[in-house]
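Taking it in order: structure first as structure tokens, then the write-up.
The values are calculated or read from the model by the stated rules, or taken from the named source; none is laboratory data. For clarity, every value in this text was computed on a predicted model and none was experimentally measured. Cβ coordinates were reconstructed from backbone atoms using ideal geometry, including for glycine residues, and neighbour counts include every protein chain displayed. Accessible surface areas use protein heavy atoms only, side chains included; no ligands, DNA or RNA. Shrake-Rupley method; radii C 1.70, N 1.55, O 1.52, S 1.80 Å.
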Amino acid sequence: KLGFRIYKGFSLWLSGSQGVLRREGDEWLTLYDQPASGILGEDAIGRIWVLLDDGNAIASWRDGDWNVYGLENGWQPFEPGRYLLQDFGDGIVIDEQGRLWLATGRNDLRRLNPDNGQWSSLSAPQIGFAPPRDEWYQGHFLTDVALSGSGKVWVSNCIGMGEGLAGEGIQRYDGEKWLSTTFTADDCIYDMEVGERGVM
């Protein structure tokens with residue numbers, strides 16, 4: 001399995017069984033020499049985020065330094081894959097308190113506290129989404145996270161309903177409480193992006 005992204009001044013990055021590599025001129029520079037599961041994205045302060053060990057750890061790279069987060073930092077392994085399981089969202093955002101947010105594509109929104117370097121996890125019901133209507137449904141898939149121009153953290157959601165996906169829309173966090181967006185309440189939201197002026 002090989003993944004690639006373009007970051008940091010349009011450099012090409014690769015992740016795979018050989019680790020994490022970056023194209024430098026006509027050569028490949030090895031930045032991490034252990035298998036890497038996937039490159040998740042770049043945050044607002046220039047850190048590149050990479051999954052390690054099939055998601056059992058996560059690491060950030062910036063200016064030649066790696067920070068690896070595992071169980072001791074609150075990073076938890078993922079639940080086994082389920083039918084209709086969504087992949088990680090492409091949004092990695094930092095809120096006004098400096099916390100980093102990441103949607104895993106599962107019933108799992110992760111947040112990194114910059115003060116202690118610890119990760120925590122929030123489930124869909126904890127951020128205001130309704131629980132599945134039937135116990136046997138696959139449950140929530142938190143698909144993406146974005147930061148609006150007003151500083152609110154937006155989280156999008158789909159919910160597995162037997163053979164398909166239904167919607168529960170978007171929740172927004174203003175730094176103190178979660179707010180519902182009624183106009184998206186019945187929609188399965190796969191992706192969110194923010195324009196140059198901070199418009200969702």
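Quick check on residue 31: is it surrounded by 13 or more Cβ atoms within 10 Å (Cβ to Cβ), more than 28 Å from residue 148 (Cβ to Cβ) and touching a strand residue (DSSP E or B) at 6+ places or on another chain (Cβ under 7 Å)?
Here the answer is yes, as residue 31 does meet what is asked.
Scanning for something of a type outside the set (Lys, Arg), at pLDDT 95 or above, open to solvent by 20 Å² or more (accessible area, probe 1.4 Å) and outside any strand (DSSP E or B), does the range 98-113 turn up at least one residue?
yes
Taking the stated definitions as given, is residue 118 open to solvent by 30 Å² or more (accessible area, probe 1.4 Å), touching a residue at least 12 places away in the same chain (Cβ under 8 Å) and in contact with a Gly (Cβ under 7 Å, 6 or more places away or on another chain)?
yes
In the range 182-200, which residues are open to solvent by less than 60 Å² (accessible area, probe 1.4 Å) and at pLDDT below 85?
Across the range 182-200, the qualifying residues are 185, 198.
Restricting attention to the range 65-85, does a residue exist that is assigned to a loop (DSSP other than H, G, I, E, B), open to solvent by less than 50 Å² (accessible area, probe 1.4 Å), among the charged types (D, E, K, R) and at pLDDT below 95?
No - not one qualifying residue is present in the range 65-85.
Within the range 182-200, how many residues turn out to be over 15 Å from the mean Cα position of the chain (by Cα), under 18 Å from residue 164 (Cβ atoms) and among the hydrophobic types (A, V, I, L, M, F, W, C)?
2
Quickly run through the range 140-181 and pick out the residues that are open to solvent by 10 Å² or more (accessible area, probe 1.4 Å) and at positive phi.
151, 162, 175
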